1. How do 26, 49 rank by accessible surface area computed with a 1.4 Å probe, from largest to smallest?
2. Could you give the length gained on full extension between residue 82 and residue 54, defined as 0.36 nm per residue of separation minus the Cα-Cα distance, in nm?
3. Considering the options 42, 72, 92, tell which one lies farthest towards the positive end of the dipole of the stretch 36-94, charges being +1 on Lys and Arg and -1 on Asp and Glu at the Cβ, about the Cα centre.
4. What does the accessible area per residue of the stretch 25-77 come to in Å², with a 1.4 Å probe and no ligands, DNA or RNA counted?
5. For the stretch 47-83, which GluC sites (Glu not before Pro) are both in a DSSP coil and crowded by at most 14 other Cβ atoms within 10 Å?
Amino acid sequence: MKPPNLPTAAVLLALAATPPAGAQVIISEFLAENITGISDENSNREDWIELLNTGTESVNLEGWWLTDNIDIKTKWAFPKVSLAPGATILVWASG
């Protein structure tokens, strides 16, 4: 799956819907100033955020957001994507 893009490096995770009881999604890794790390599908080294579902239930991330502004919690919305237990998703902060 191609990672979605996010237009910023400083990140907050916001939730609109109540996740399933066995779901727990966390920001597991974050890389700012990606100078020598992994590249995106365009061979650019953008900043990125990795989310991990540490719970026992799949989570549909539609209705969840990432933002760099605490006053604008709905800045970047996740598309309809499911995160299985133990799975990760990488979001590029590529502007």
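The values are calculated or read from the model by the stated rules, or taken from the named source; none is laboratory data. Computed from a predicted model, the values in this text were never measured in an experiment. We place every Cβ from the backbone using ideal geometry, glycine too, and count neighbours over all the protein chains shown. Side chains are part of the model used for accessible areas, which takes the heavy atoms of the whole protein and leaves out ligands, DNA and RNA. Shrake-Rupley method; radii C 1.70, N 1.55, O 1.52, S 1.80 Å.
1. On the way: 26 60, 49 0 Å².
Heavy-atom accessible area, descending, gives 26, 49.
2. Details: separation 28, 0.36 × 28 = 10.08 nm, distance 1.35 nm.
8.7 nm is the gain from fully extending residue 82 to residue 54.
3. So the residue we want is 72.
4. Details: 3160 Å² over 53 residues.
With all protein chains present, the stretch 25-77 gives 60 Å² per residue.
5. Counting only loop positions with at most 14 other Cβ atoms within 10 Å, the GluC sites (Glu not before Pro) in the stretch 47-83 are 57, 62.
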